[in-house]
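Worksheet: the structure to be examined is printed underneath.
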Amino acid sequence: MSDLNDDFDDDERTDERTGDRSEGTFTDDELATGLLEEELRQAAAILDPVPAELRRIAVDAFALHDLDARVAELTFDSLVDGIPVRGESDPPRMLTFRADGVTVDVEVTADGLIGQLLPPGPAGIEVLSGPRSHARLTADDMGRFTGEAPPTGPFALRLRTGREVVVTEWLRA
């Protein structure tokens with residue numbers, strides 16, 4: 001969904017004839033259009049798949065659609081840099097991103113995300129996952145944030161701390 005439509009709530013529809021709003025209802029035309037769109041999407045994925053390199057470039061470019069955003073570089077990933085813990089079958093993934101004076105520590109578990117911003121402070125955080133709608137999280141005054149759903153597929157974080165925007169590198173969950 002584009003940023004232009006972020007304020008529109010898909011669960012609320014307005015009857016053009018009466019002006020009445022109904023919640024969670026779709027017209028037959030909307031339902032048929034959605035099903036047709038999904039079938040076309042599946043057919044295109046099978047018959048003309050997007051090359052992996054092009055998909056990677058597109059995902060990287062999507063992270064930069066905030067041209068004033070600073071890109072936070074991955075400086076630690078427990079899958080690469082971590083030391084295995086004996087007896088731990090599915091340890092959480094620990095990530096650290098840095099951009100100038102901002103550090104973002106994130107723990108990715110099967111239950112979701114846990115993280116902290118340094119220097120600590122409130123921030124709005126979006127879990128980006130391509131063109132789909134974004135999970136929105138809020139960091140408290142200590143810079144701590146949690147998300148209940150773990151990201152699936154490629155993801156990045158966009159942090160808005162007052163005047164500045166920081167976007168992390170894209171990773172696969």
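Structural remarks
- Prolate/oblate/rounded label for region 121-162 (Cα gyration tensor, a/c 1.5): prolate
- Once both labels are positioned 7 Å from their Cα atoms along Cα-to-Cβ, the gap between Gln42 and Arg160 label points is 3.6 nm.
- The listed residues Asp81, Asp105 rank as Asp81, Asp105 when sorted by accessible area, largest first, using a 1.4 Å probe.
- Rounded to the nearest Hz, the phi-derived 3J(HN,Hα) couplings of region 73-80 under the Karplus curve 6.51 cos²θ - 1.76 cosθ + 1.60 (θ = phi - 60°) are 7, 6, 10, 8, 9, 5, 5, 9, where x marks glycine and proline.
- Relative contact order (%) - criterion: Cα under 8 Å, at least six apart; region: region 86-173: 23 percent
The values are calculated or read from the model by the stated rules, or taken from the named source; none is laboratory data. Not measured: the values here are computed from a predicted model. Positions of Cβ are backbone-derived with ideal geometry, glycine not excepted, and every protein chain shown enters the neighbour counts. The area values use the complete protein model at the heavy-atom level, side chains included, leaving out ligands, DNA and RNA. Shrake-Rupley method; radii C 1.70, N 1.55, O 1.52, S 1.80 Å.
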